[in-house]
Amino acid sequence: MPDLSPSSPAEAYAALLEGNARFVSGDRLHPNQDADRRSELAPRQHPFAVLFGCSDSRLAAEIIFDRGLGDLFVVRTAGHVAGAEVLGSVEYGVQVLGAPLVVVLGHDSCGAVTAAAETVHGGGTAPAGYLGDVVERVIPSVLAARALGGTGVDEFVDEHIRRSVDGLVGRSALLAAEVAAGRCAVVGLSYRLAGGTVKRVAAHGLPE
Ligand SMILES: [Zn+2]
């Protein structure tokens, strides 16, 4: 199996897109999933991307990007809402593990974004419990998307991805410094559940 081991932001991004294309076409290689890879990695890891995405069960990172062990440092929360633990985990992946790319991965028909939209539309309060905390963190993205003329959940999703990308770079001085130095890029991808494809909706430090 080829080990692409991308080391620059652009190479890491290209490797993810290539893996996603294999997943979409059905020609998956299942790289880095064998016993040799497992043994090789045991003493250390050097993932080429931090993937921060929604927890949705249909968004399994290594499957939809056709990657294997040691490739992706994965952080997922419902609606990819980012609290302190998420920011710390992303910083760990970038600074300590040396990943040259951070991906924010959202998707169409997202339940967390739908719940936030319903809360906004109903003029009501967020759900009880910690679920409400997730919804409240998505509401600003729904309001921003509506202010830009958006009306549907998938438009809210893309705005939420953009704001999540900006939020990571804006809140983490460490990440912002890595991006400014050209050592890391942050890209926001919107995933289509039915087709398995991704669409780029935002980026810092990555050429078009
Ligand atoms: Zn979701």
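Read-outs throughout are calculated quantities, based only on the coordinates presented, and are distinct from any laboratory measurement. For clarity, every value in this text was computed on a predicted model and none was experimentally measured. Counting neighbours? That spans all protein chains shown, and the Cβs are built from the backbone with ideal geometry, glycine included.
Scan the stretch 99-107 and tell me whether some residue there is without any contact (Cβ under 8 Å) to a residue 60 or more places away in the chain, crowded, with 20+ Cβ neighbours inside 10 Å and within 26 Å of PHE48 (Cβ to Cβ).
Step one: list which residues in the stretch 99-107 are without any contact (Cβ under 8 Å) to a residue 60 or more places away in the chain, which gives none.
No, the conditions are met nowhere in the stretch 99-107.
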Original post:
Limited to the stretch 64-93, what total is found for residues that are more than 16 Å from the ligand (Cβ to nearest atom), surrounded by fewer than 23 Cβ atoms within 10 Å (Cβ to Cβ), part of a helix (DSSP H, G or I) and of a type in the set (A, V, I, L, M)?
Top reply: 2
Subject >> the stretch 176-208 - residue that is crowded, with 20+ Cβ neighbours inside 10 Å and more than 15 Å from the chain's Cα centre (by Cα) and, of those, nearest to ALA12 (Cα to Cα) >> reply: GLY205
Original post:
Going through the stretch 42-63 one residue at a time, which ones are within 16 Å of the ligand (Cβ to nearest atom) and out of contact with any Lys or Arg (no Cβ under 9 Å at 6 or more places or on another chain)?
Top reply: SER57, ARG58, ALA60
Original post:
Looking at (1) touching an Asp or Glu at 6+ places or on another chain (Cβ under 6 Å); (2) within 25 Å of LEU168 (Cα to Cα), which is the only condition ILE63 fails?
Top reply: (1)
Original post:
Only one residue in GLU178, GLU159 is without any contact (Cβ under 8 Å) to a residue 60 or more places away in the chain and assigned to a helix (DSSP H, G or I), so which one is that?
Top reply: GLU159
